[in-house]
Every structure is written in structure tokens, then in C-alpha cells.
Amino acid sequence: MFRFHHFSDSLITSDNVTVKGFTISGVEGPEKAGIYLDEVNNCTISNNILLNNHNGIGVVLSVGNMIEENSIIASGFDGIFVERSNNNILENNTIQFSEWNGMLFESSASNEIFFNHISFNNRNGIYFISSTNNIIGNNNISSNTQNGLLFEDSINNTVKENLLLNNSKGINEAEYAENHIYRNQVNDKEVSTIPFPGFTIVFLVILVVFIVKKKYRK
């Protein structure tokens, strides 16, 4: 699966641009977004309200951008989509009531996704396709119709200390997905797929004690 998104009423094509404090609404039609970053670096998108746009924010072929503290409500498609874009930071955004996903990452790597509130979206909270080495931490991902987090053909992502409540499934690793998942709270359970370092140390201590005792018994 791969979708190309093009064009927007708020198209950004220059590096080092800041978009702050705007309200953007009613951007309609396929492949449009309220704010669209197209092959740009080091831009800042912060404290904007994006309401009832086809997509809230689009990031394509763009590196090193900061997307923070935006409110993205009632997008007709995805709240934020990130395609073929690396090393971006998405932090403290609120994304609600998207018809598809809160966030979508396709063929994107080494992005940082922290402290976002992603809820009441009609598909997934965050959906990763063919994306690697992203860090997803300390997000509140709740009451999305399908998965809180969905990984498809995505490896080596780190998922840590997220709160996932009342999604149909908390964390779903679909085909060809292998990620590092630890200390996440899914409803009333802690979910990890790799052992904690503390657990490993305790296990090794017990093993050494057992070997020493066995040796002295001989």
C-alpha cells in the first residue's frame, strides 16, 4: 500500500519556514492538506488549529521538521501523514475524529513521536507502513475504532511508555513487523515484547547463585 499526496491550499516549499498560530479549515478534495510540507527541511509547524480539512498536515520528502502543539480535528482522511520523510519530530499534538488514521507513516524512518493525544479516530491511532527506526513514546492513544498502534512491514521501531486505552486492539504488529515494545500501558495491563534490563540482571544473579551452590555441593 502506498499513497501519494500532492497539492494543498497551504503548500510549503521552502526550508526554515515557521507556521504558527493559524486556523485553517475547509481544505477539501483528494490529496490535499491544511498544511503541506513538500521537500523541505527544518520547518516549524506549531500552535495551529486544523479543522475539517481533507488531511490535517502532510509531510512528504521532508527532513528535520518540528510539528508541535497543533490541534487537528475532524480530518476527512488522516490527521497527519508522513511519507518518505526522516528525522522529524511530532510532539504534543492533539488529533481527534479523523475519518481514517490519527497519524500515518509510510516509508519513513527515525522520526520521534512523543506526548501526542490521539483519540476517537475512525481507523487507527498511528499506522506505520514500511517504516523503521522511529521512536514512539509517552503518547496517549485512546478510543480509536481499530488499533491504537498498527505496524505493517515495519521493523526496529521503539514503542515505549505509551498509554493505550479503549482501542479495539492496543498494539498490532501485522505481517513482517518486528519492533521493540516495552513499558506500555494497554487498558489495565503493561505490555512489553522485550525483557527489562532489570529482569535480565535478576535472572543472571539467580543463575550464578545456582551454579555456585551446585559447585560447592560436589
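The values are calculated or read from the model by the stated rules, or taken from the named source; none is laboratory data. All of these numbers come straight from a predicted model, not from anything done at the bench. In this analysis, Cβ positions are derived from the backbone assuming ideal geometry, glycine residues included, and neighbour counts consider all displayed protein chains. Surface accessibility is based on the protein's heavy atoms, side chains included, excluding ligands, DNA and RNA. Shrake-Rupley method; radii C 1.70, N 1.55, O 1.52, S 1.80 Å.
Points to keep in mind about this one:
- Failed criterion for Tyr127 (all others in (1) open to solvent by 10 Å² or more (accessible area, probe 1.4 Å); (2) touching a Lys or Arg at 6+ places or on another chain (Cβ under 6 Å) hold): (2)
- Pairs are defined by a Cβ separation below 7 Å, a sequence spacing of at least 6 or placement on different chains, a first member in the range 129-142 that is touching a residue at least 12 places away in the same chain (Cβ under 8 Å) and more than 19 Å from Asn101 (Cβ to Cβ), and a second member that is open to solvent by less than 40 Å² (accessible area, probe 1.4 Å) and in a loop (DSSP other than H, G, I, E, B); the pairs so defined are Asn138/Asn162.
- Scan of the range 35-67 for residues that are open to solvent by less than 10 Å² (accessible area, probe 1.4 Å) and outside any strand (DSSP E or B), ordered by number: Val40, Cys43, Asn48, Asn53, Asn55, Gly56, Ser62, Asn65
- Residue count for the range 68-83, restricted to those that are crowded, with 24+ Cβ neighbours inside 10 Å and of a type in the set (Phe, Trp, Tyr): 1
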